[in-house]
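Participant: One structure follows; several queries about it will come next.
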Amino acid sequence: MENASKALIMAGGVLIGILIISIGVYIFSSYAKYSSKAYDQMETAQIEQFNNKFLKYYDITTQTKIQNGTGSVIKSYIDPETEEEYSKPTPILCTAHDVVSLANLAKQNNQNFQLENETRVY
């Protein structure tokens with residue numbers, strides 16, 4: 001009888017040990033998923049912050065409307081007579097100053113991230 005009770009106590013101890021290890025693995029994996037999701041959100045926020053420097057040269061509606069892939073933006077308009085909404089493609093407008101500013105910003109970013117190591121000969 002003594003051996004049977006000791007065997008049951010040892011089996012219960014093993015089961016409790018396995019339960020504790022399983023809970024530890026579950027908590028570790030759930031924290032790993034949370035950490036991965038938080039890292040992805042931070043990375044997405046950094047990318048959006050970086051891209052906003054370039055997107056400011058687009059028309060204001062390009063950030064909310066769909067681009068049709070032809071270099072123009074689909075804008076929504078409201079017909080004053082029928083008050084119905086319709087859309088039509090509108091080209092993205094920018095000035096020479098915008099292009100030069102964008103080129104200088106790209107050059108500055110390349111230098112900051114050390115993507116441009118060599119000087120170019122023109």
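Participant: Given the criteria surrounded by 10 or more Cβ atoms within 10 Å (Cβ to Cβ) and closer than 30 Å to L105 by Cβ, does A38 qualify?
Facilitator: yes
Participant: Also, quick follow-up: Looking at this structure, is A45 at pLDDT 80 or above and more than 25 Å from the chain's Cα centre (by Cα)?
Facilitator: no
The values are calculated or read from the model by the stated rules, or taken from the named source; none is laboratory data. Please read all numbers here as calculations on a predicted model, not as lab measurements. With ideal geometry, Cβ positions are generated from the backbone for all residues, glycine too; neighbour counts draw on all protein chains shown.
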